[in-house]
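S.K.: Next up is a structure, given as structure tokens.
The values are calculated or read from the model by the stated rules, or taken from the named source; none is laboratory data. Keep in mind the model is a prediction, meaning the values are calculated, not measured. With ideal geometry, Cβ positions are generated from the backbone for all residues, glycine too; neighbour counts draw on all protein chains shown.
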Amino acid sequence: MGGCFAGIDVGTGSVRAGIFDADGRQLAVAKRDIRMWKEAGDIVEQSSDDIWACVCACVREAREAAGLAPEDIAGIGFDATCSLVVLGPEGRPLPVGKHGDGARNIIVWMDHRATGQADRINALGSPVLDYVGGTISPEMETPKLLWLSEELPATFAGAWQFLDLADFLTWKATGSLARSVCTVTCKWTYLAHEQRWDESYFRKIGLGALADEGFARIGTEIVAAGTPLGAGLTVEAADELGLAPGTAVAAGLIDAHAGGIGTVGARGGSGDVLSRMAYVFGTSACTLLTTREPAFVPGVWGPYYSAMVPDFWLNEGGQSAAGAAIDRLVRLHPAAPQAAELARAAGQSLNVWLAHRAEAAGGAGAIAPLVGTLHVVPEFLGNRAPFADHLARGIVAGLGMDEGLDGLVSLYMAGLAGIGYGLRQILDAQAAKGARTQMVVISGGAGQSALVRQVLADAAQVDIAATVAPEPVLLGSAILGAVAAGRYDSFAGAMSAMSEIEVVYSPSPATRDWHERRFHAFERLQGAYRSLRD
Ligand SMILES: Nc1ncnc2c1ncn2[C@@H]1O[C@H](COP(=O)(O)OP(=O)(O)O)[C@@H](O)[C@H]1O
Ligand SMILES: O=C(CO)[C@H](O)[C@H](O)COP(=O)(O)O
């Protein structure tokens, strides 16, 4: 077997595959968009067959683009959004809605159909809630399973397996039903520090059936991320992926956590995994903070044992909509169609085009005149952390009559600043419980922009570092593959060999006071909406 590794990242909007050498150099990358069904009632669904087909196409394309033979790939890692895959007998997809469409067998993480179930679970209370920041989120899997059992009882009863998407992918690749400790601990209430499910929780909330079966449908073999699974790639999966049978396949990670593995242990820069926090800014935003001892931070998920860096604890926060919130925000503006046309002509996405236009107008240093009177609280899909408030909503204040492109850039910049203030609130909440961050290491699609990095550093008043790897989330998955293949004997070794800090964006003293005032205005707006609503 050769010396390269494949990382596969299944984000909300697309699948990406990257081929890396043992030093973490990205040799090739391929991307496919994922099908998504959205309906009223916060319904968001995907298809596991569609995602697997995208994975196969991307892996084949990336390996060929790298000019490698199948045998040159020694190990593969998968990461994916924490979406719920439902499989029936023989592993066939089962529909997750009354539509009965078998293609739609995934309840996507951002689907909030189980809000009522989450509220009821929270009202019942349970010691397991202490390990999800005190409040279960409708984005997690037990409220979604409860929804299925109540709204689609035949589907719930007839399902063969319920899997997090990353575990589905490793099952497809190897036939192993082992679950990654990352997925089940962060999203399914598995207590990794005690290596057990809490039966009483499942019985109390109305999912006693899963406990009666000994958790056979949600995971009985729970392994560390990076563990080589089964006998590696099956003949069938190898044929579909264009790789060699027996290639090592690692137990996977949630996509955000792969971003963490791709960044926090990078060589260079200051600090270590305990003083750096990963910030994955894609469709959503995820913060991942590693601690030696468990830190109980209300409203910040966790503490989770061994869910990202083995043998350490993890706190996870972020916002449900981040890149998606900026997308939503800018589409509200009358100049959005014109700007989208100009962006298309320039071969850029609208947000990338807006970032370039803002940079041309002075960038982060000119944020005060660029933003003008606008204030944005970009919580269109609730506040994931530190308020664990799924009823929070977006606020735009200070709107004038401006309908031109400059007004659109103002809105974009105000939205970015709002994302940064949300990050600051999470850092503050964690620090208040003793979990301090010296430096944030960024990844994700939106994290690739120099403007975004500087605005975040200024708004959150923290150093933002970026790694050499253009796609650290993909690299994180490839690191899993390298560990599974035995190229490195620990995550620590693999992270520092394959990832490196390239640049650090420090908060600018010039905009400090402006951001300070803006941050307090942000908090007042958030609070005002909460009190209006309540
Ligand atoms: N310069 C930018 N400014 C703001 N948002 C951006 C920028 N570049 C990309 N994004 C947003 O990031 C998200 C895509 O991030 P990515 O990590 O590729 O997605 P996924 O969640 O599918 O993994 C989209 O919502 C996109 O609009
Ligand atoms: O909940 C999450 C991690 O716990 C992620 O936000 C979710 O999986 C979506 O990720 P992305 O924004 O990268 O598509």
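Residues are listed down the side, and each one gets a yes or a no for (1) surrounded by fewer than 24 Cβ atoms within 10 Å (Cβ to Cβ); (2) among the hydrophobic types (A, V, I, L, M, F, W, C); (3) modelled with pLDDT of 95 or more; (4) touching a helix residue (DSSP H, G or I) at 6+ places or on another chain (Cβ under 6 Å):
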{"residue": "C4", "(1), (2), (3), (4)": "no, yes, yes, yes"}
{"residue": "V15", "(1), (2), (3), (4)": "no, yes, yes, yes"}
{"residue": "I19", "(1), (2), (3), (4)": "no, yes, yes, yes"}
{"residue": "R32", "(1), (2), (3), (4)": "yes, no, yes, yes"}
{"residue": "W37", "(1), (2), (3), (4)": "yes, yes, yes, no"}
{"residue": "A40", "(1), (2), (3), (4)": "yes, yes, no, no"}
{"residue": "V44", "(1), (2), (3), (4)": "yes, yes, yes, no"}
{"residue": "D50", "(1), (2), (3), (4)": "yes, no, yes, no"}
{"residue": "C56", "(1), (2), (3), (4)": "yes, yes, yes, yes"}
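S.K.: Show the residue pairs meeting these rules: Cβ distance below 8 Å; 6+ apart or different chains; first residue within segment 204-232 and at negative phi; second residue among the basic types (K, R) and not in a loop (DSSP other than H, G, I, E, B).
M.R.: What qualifies is I205/R120; A211/R203; I218/R179; E221/R179; I222/R179; V223/R179.
S.K.: Just one of (1) under 22 Å from G422 (Cβ atoms); (2) among the basic types (K, R); (3) touching a helix residue (DSSP H, G or I) at 6+ places or on another chain (Cβ under 8 Å) trips up R267, so point out which.
M.R.: (1)
S.K.: Hey, does segment 254-263 have a residue that's under 26 Å from A69 (Cα atoms) and either surrounded by fewer than 24 Cβ atoms within 10 Å (Cβ to Cβ) or within 16 Å of ligand 2 (Cβ to nearest atom) (or both)?
M.R.: Yes, segment 254-263 has at least one match.
Table: residues versus (1) at pLDDT 95 or above; (2) in contact with a Gly (Cβ under 6 Å, 6 or more places away or on another chain); (3) among the aromatic types (F, W, Y).
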position	(1), (2), (3)
F168	yes, no, yes
S180	yes, yes, no
Y190	yes, no, yes
A211	yes, no, no
R217	yes, no, no
T227	yes, no, no
A231	yes, no, no
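S.K.: Within segment 151-253, considering only helices (runs of 4 or more DSSP H) that don't extend past its boundaries, which have at least 2 residues that are hydroxyl-bearing (S, T, Y), under 26 Å from the mean Cα position of the chain (by Cα) and away from ligand 1 (no atom under 16 Å from the Cβ)?
M.R.: Correct list: 165-174, 181-187.
S.K.: I would also like to ask the following. With within 16 Å of G282 (Cβ to Cβ) and surrounded by fewer than 18 Cβ atoms within 10 Å (Cβ to Cβ) as the only criterion, which of R328, R344 stands out?
M.R.: Matching residue, one of R328, R344: R328.
S.K.: I'd like to check which strands (runs of 3 or more DSSP E) are fully inside segment 11-128 and have at least 2 residues that are aliphatic (A, V, I, L, M) and within 16 Å of ligand 1 (Cβ to nearest atom).
M.R.: Here the list reads 14-21, 26-33.
S.K.: A further question follows. Would it be correct to say that S83 is within 16 Å of ligand 2 (Cβ to nearest atom), closer than 16 Å to L165 by Cα and either modelled with pLDDT under 95 or in contact with a Pro (Cβ under 7 Å, 6 or more places away or on another chain) (or both)?
M.R.: In short, no.
S.K.: Can you spot a residue in segment 460-478 that is more than 16 Å from ligand 2 (Cβ to nearest atom), under 20 Å from A28 (Cα atoms) and acidic (D, E)?
M.R.: Among the residues of segment 460-478, not one is more than 16 Å from ligand 2 (Cβ to nearest atom), under 20 Å from A28 (Cα atoms) and acidic (D, E), which makes the answer no.
S.K.: How many of the residues in segment 264-282 are outside any loop (DSSP other than H, G, I, E, B) and within 15 Å of ligand 2 (Cβ to nearest atom)?
M.R.: Looking only at that region, the number is 5.
S.K.: Name the residue that is farthest from the chain's Cα centre (by Cα), counting only residues in segment 258-277 that are of a type outside the set (S, T, N, Q), more than 13 Å from ligand 1 (Cβ to nearest atom) and closer than 22 Å to L165 by Cβ.
M.R.: So, considering only residues that are of a type outside the set (S, T, N, Q), more than 13 Å from ligand 1 (Cβ to nearest atom) and closer than 22 Å to L165 by Cβ, the one farthest from the chain's Cα centre (by Cα) is I261.
S.K.: Also, I was wondering about something else. Taking only segment 332-364 into account, find how many residues are in a helix (DSSP H, G or I) and away from ligand 2 (no atom under 16 Å from the Cβ).
M.R.: Number satisfying all stated conditions: 22.
S.K.: Mind counting the residues in segment 470-508 that are more than 18 Å from the chain's Cα centre (by Cα), crowded, with 22+ Cβ neighbours inside 10 Å and not aromatic (F, W, Y)?
M.R.: The qualifying residues number 9.
S.K.: Looking at (1) within 15 Å of ligand 1 (Cβ to nearest atom); (2) farther than 30 Å from P298 by Cα, can you tell me which one G365 breaks?
M.R.: Against the list (1) within 15 Å of ligand 1 (Cβ to nearest atom); (2) farther than 30 Å from P298 by Cα, G365 comes up short only on (1).
S.K.: Considering S443, S449, which residue is in contact with a helix residue (DSSP H, G or I) (Cβ under 9 Å, 6 or more places away or on another chain) and surrounded by 23 or more Cβ atoms within 10 Å (Cβ to Cβ)?
M.R.: One residue alone meets the criteria, S443.
S.K.: Something else: Quick one: count up the residues across segment 441-492 that are among the polar types (S, T, N, Q) and near ligand 1 (Cβ under 10 Å from one of its atoms).
M.R.: 3
For every residue, the table says whether it meets (1) within 12 Å of ligand 2 (Cβ to nearest atom); (2) touching a Ser or Thr at 6+ places or on another chain (Cβ under 9 Å); (3) touching a residue at least 24 places away in the same chain (Cβ under 8 Å); (4) in a loop (DSSP other than H, G, I, E, B).
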{"residue": "A295", "(1), (2), (3), (4)": "no, no, yes, yes"}
{"residue": "P303", "(1), (2), (3), (4)": "no, yes, yes, no"}
{"residue": "D311", "(1), (2), (3), (4)": "no, no, no, yes"}
{"residue": "A321", "(1), (2), (3), (4)": "yes, yes, yes, yes"}
